[in-house]
Every structure is written in structure tokens, then in C-alpha cells.
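*Asks:* Can you keep this structure in mind? I'll have questions shortly.
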Amino acid sequence: MSGERFALDEAALAAALEAHLPGFRGPLRATKFEGGQSNPTYRLDAASGTYVLRRKPPGALLASAHAVDREYRVLTALQGRVPVARPLWLCHDAAVIGSMFYVMAFVDGRVEWDPSLPRHTPEQRSAHYHALIDTLAAIHCVDLEATGLVDFGKPGNYFARQIARWSEQYAQSRTRDIPAMDALIAELPARCPADDGRVALVHGDFRLDNLMWAKDAPQVLAVMDWELATLGHPLADLGYLAMALRLPRNPALPGLSGLDRAALGIPSEAELLERYAARTGQALPQDWGFVLAFSYFRLAAIAQGVARRAEQGNASNARAAEAGRMVDLLASAGRAALG
């Protein structure tokens, strides 16, 4: 996609922010962050300081996708409970920059794009992964009543509803036949466990590179990219994290497959699951294979949506086509996880 399609009208944006955001002073300069496949995100450098803007991408979109207003609600609700950026203003008026957007405070930290953490020592890697799991546990322990998030999603039968939803999303964004995806869509409902009544805030895309880390310590400063957040079963997040770490080394979403985790100082999957269980007091599932297969399937459906947007010319990231090519790999891995 051309850079012009994502360019912001900086003068119009500055005028809107001066009118609605206390203390904001323009002019501003907007620079689009390169990372991410979903909602375009920009650094705003203004006379009054630095901010971050997230917007819906331009163009035709699936009806339930890119819900930046839901992200804003979560950031507001989690202040003081989970490390997140401070939300500043939500703008529903698409006329300002061409789509709905929100502005949040800038968090000055680092993003670790490679889960092998190549610049760190084994001890530092271990500490990062412990912080990663502890942060996920904190999200799942959030009091929904206290945060006002009891209506943030439909309670009950989370896995069944998600399988139906992402099967539909996949059908809408399908560009070619992928037999392994067709098989997963047919087989997952039969393996879906009975609803056990567990409901929590789930992030939906929880992984190492969606965290902002302190520059000089294994400390999580902010959990980012809440677009897929909802109420659901917490094991979906845990399975997604484990699935992402199982992926092979690849340019779109690198995993740890083929690496010696023990030598690197990265806890094994079993160790991470045990730490999570200890932090939450929740038992792990009997059918871990289903949880992993569901995670592969869901990410494959998301990747297919990215591929479709790339074809239409409104994907946020230049690597969108690479993500689309991962659909076959993810679907095949999901079939293997089912056994």
C-alpha cells in the first residue's frame, strides 16, 4: 500500500486535538510505526510532547474488526490494575483523519520482536518470560465488576463461539482452497470441551512483542494492541502464547522451534504453564491439544484476513502478504496438534 493512503492530515489532527485534548499544543508531526498488522499506529511529536495514535485502517473492513473504541475502553478500565498506556481521547468522527481513532500517552520503552531475546543473557531471558507469564496472569485475575467490564463480551461457551466466529471470518476473507483449514473447521467443534464457567478478560493477541518493556530491566511497562480483547476463557490466551512460541523461525511471527530453550535460559512450555497455574490458582486443561489447535486455527483465520486486506490494498504492514502465506503452515500445525 502506498504511504499516501496512511498519511494523516496533520493540520486537521492538531486542530482537533487542541480542541479536545487538554494541554495539547501543535503543530505536530505524525510518524507511522512499522510494526503490527492491524490498526495503523503513529507516533505524534507535538509542541506539548509525544503521544501515540491508533486508528481504524482506511478502506472496506469486516464489520467487527479493528474496534479501536473497544481498545480505548479496556485501557481506561485497566488503569492501575494492569500495565497499560494512559488513554487520552477517543474520536468517533471519521472526518478528522478518515477513520475513528484514539490518542494515548507515549510509553518510552523497548519492544522485543524476537522471542529468543538475542541481546540478553540466559538469566535475563528467564526473567523476561517470568514477567510475561505474571502479566498474563494479572490480566486474567482482573475483577470484571470493579473495572466495569462485565458486559465487554458474551459469557459462556467461549471456544464454541470463537470457532463459529472465526470460521465465518475465514469464509469472508478466503482467497483460495486450504484443505487443512477446512479440516480444522470441521473437526474443532467435536473436540470443543464443555463450558466450565470460567470467564476472564482475555487479550486475544498476547505475546512477547505486544508488550512494552523497560529499557534496562525485565519489567513490563505496558501491554499493547487490545483490539481482539473480550470476555472469554483465559486458557485461550495461554494457548495462543504457547502456540506462538512453538512456531518456526519466520519473518512474519518468529517462534522458538528448533532452538535450545534450556541453553538460552527460556523456560520450557511446561514450566510456563506451571507458573501460570500457580499465579492464577486455576487448573490446566486435560485436552491441551485442543487449546493449541484452536490457537493455530484462530491465528490462521486472522492471517487470512491480513492476506485479503493485502490483496485489497489496505493492509497496515508491508509484511501483510508474508503473514497471509503462513495460513497453510498454521492450519497444518493445528491439525497436528489435534492428534
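The values are calculated or read from the model by the stated rules, or taken from the named source; none is laboratory data. What you are looking at is a predicted structure, and each value in this text was computed from that prediction instead of being measured. No Cβ is skipped: glycine too gets one built from the backbone with ideal geometry, and neighbour counts run over all protein chains shown. Accessible surface areas use protein heavy atoms only, side chains included; no ligands, DNA or RNA. Shrake-Rupley method; radii C 1.70, N 1.55, O 1.52, S 1.80 Å.
*Asks:* Would you work out what percent of the accessible area of the chain, with all protein chains in place, is carbon or sulfur (probe 1.4 Å)?
*Replies:* Answer for the chain: carbon and sulfur cover 52 percent of the accessible area.
*Asks:* Please return the longest range in the chain lying between exposed loop sites, taking trypsin sites (Lys or Arg not before Pro), DSSP loop only, at most 14 other beta-carbon atoms within 10 Å, and leaving the sites out. Walk me through the numbers on the way to the answer.
*Replies:* Details: sites that count: R25, R119, R176, K215, R249.
Segment 26-118 is the longest.
*Asks:* What does the highest-first list of 47-53, 130-136, 228-234 look like by mean Cβ count within 10 Å?
*Replies:* In decreasing order of mean packing, 47-53, 130-136, 228-234 become 228-234, 130-136, 47-53.
*Asks:* Pull out the extension gain between R176 and Q286, defined as 0.36 nm times the separation in residues minus the alpha carbon to alpha carbon distance; nm, one decimal.
*Replies:* On the way: separation 110, 0.36 × 110 = 39.60 nm, distance 3.45 nm.
Answer, rounded to one decimal: 36.2 nm.
*Asks:* For segment 160-302, what log10 I(q)/I(0) values come out of the Debye formula at q = 0.15, 0.19 1/Å, with one point per alpha carbon and no solvent?
*Replies:* -0.88, -1.39
*Asks:* Now for a separate question. I'd like to check one number: the per residue accessible area of the chain, probe 1.4 Å, reported in Å² as a whole number.
*Replies:* 42 Å²
*Asks:* Have a look at I133, W89, T121 and report the one farthest towards the positive end of the charge dipole of segment 82-159, computed about the Cα centre with Cβ charges (Lys/Arg +1, Asp/Glu -1).
*Replies:* My answer, from the dipole projection, is T121.
*Asks:* Here is a follow-up. As a check on your grasp of the helix formula, calculate [θ] at 222 nm for the chain: sum -39500 (n - 2.57) over DSSP H runs of n ≥ 4, divide by the residue count, round to the nearest 500. The partial results should precede the final answer.
*Replies:* Details: 13 runs with 149 residues, N = 339.
After summing the helix terms and dividing by the residues of the chain, the value is -13500 deg cm²/dmol.
*Asks:* With +1 on each Lys and Arg Cβ and -1 on each Asp and Glu Cβ, how big is the dipole of the chain about its Cα centre, in debye rounded to the nearest 20?
*Replies:* Numbers: 35 positive and 37 negative charges, 71 e Å.
So the magnitude is around 340 debye.
*Asks:* Wrap a convex hull around the Cα atoms of the chain, take a quarter of its surface area, and give that in square nanometres. Mind showing how you got there, number by number?
*Replies:* Working: hull surface 66.7 nm².
Answer in nm², one decimal: 16.7.
*Asks:* Same structure, new question: Please list D182, D93 in order of solvent-accessible area, largest first, computed with a 1.4 Å probe with all protein chains present.
*Replies:* Descending order: D93, D182.
*Asks:* Please state, as a whole number in µm²/s, the translational diffusion coefficient that the Stokes-Einstein equation yields for segment 129-172 at 37 °C and 0.692 mPa s, with Rh defined as the Kirkwood radius across alpha carbon pairs. Write down the numbers at each step before the final one.
*Replies:* Numbers: Rh = 12.8 Å.
Value of D from the Cα-based Kirkwood radius: 256 µm²/s.
*Asks:* Just going by the charge dipole of segment 201-276, with Lys and Arg at +1 and Asp and Glu at -1 on Cβ, which of A244, L259, A229 is farthest out on the positive end?
*Replies:* Sorting the options by dipole projection puts first L259.
*Asks:* If the cut-off is 25 Å between C-alpha atoms, which lysines fall inside it for K215, apart from same-chain ones fewer than 8 positions away?
*Replies:* K32
*Asks:* Then there's this: In whole Å, what are the Cα extents of segment 239-339 along the three principal axes, biggest one first?
*Replies:* Principal-axis extents of segment 239-339 (Cα, largest first): 45, 29, 26 Å.
*Asks:* Just the projected area, averaged over all directions, of the convex hull on the alpha carbon atoms of segment 37-174: how many nm²?
*Replies:* Working: hull surface 46.5 nm².
That works out to 11.6 nm².
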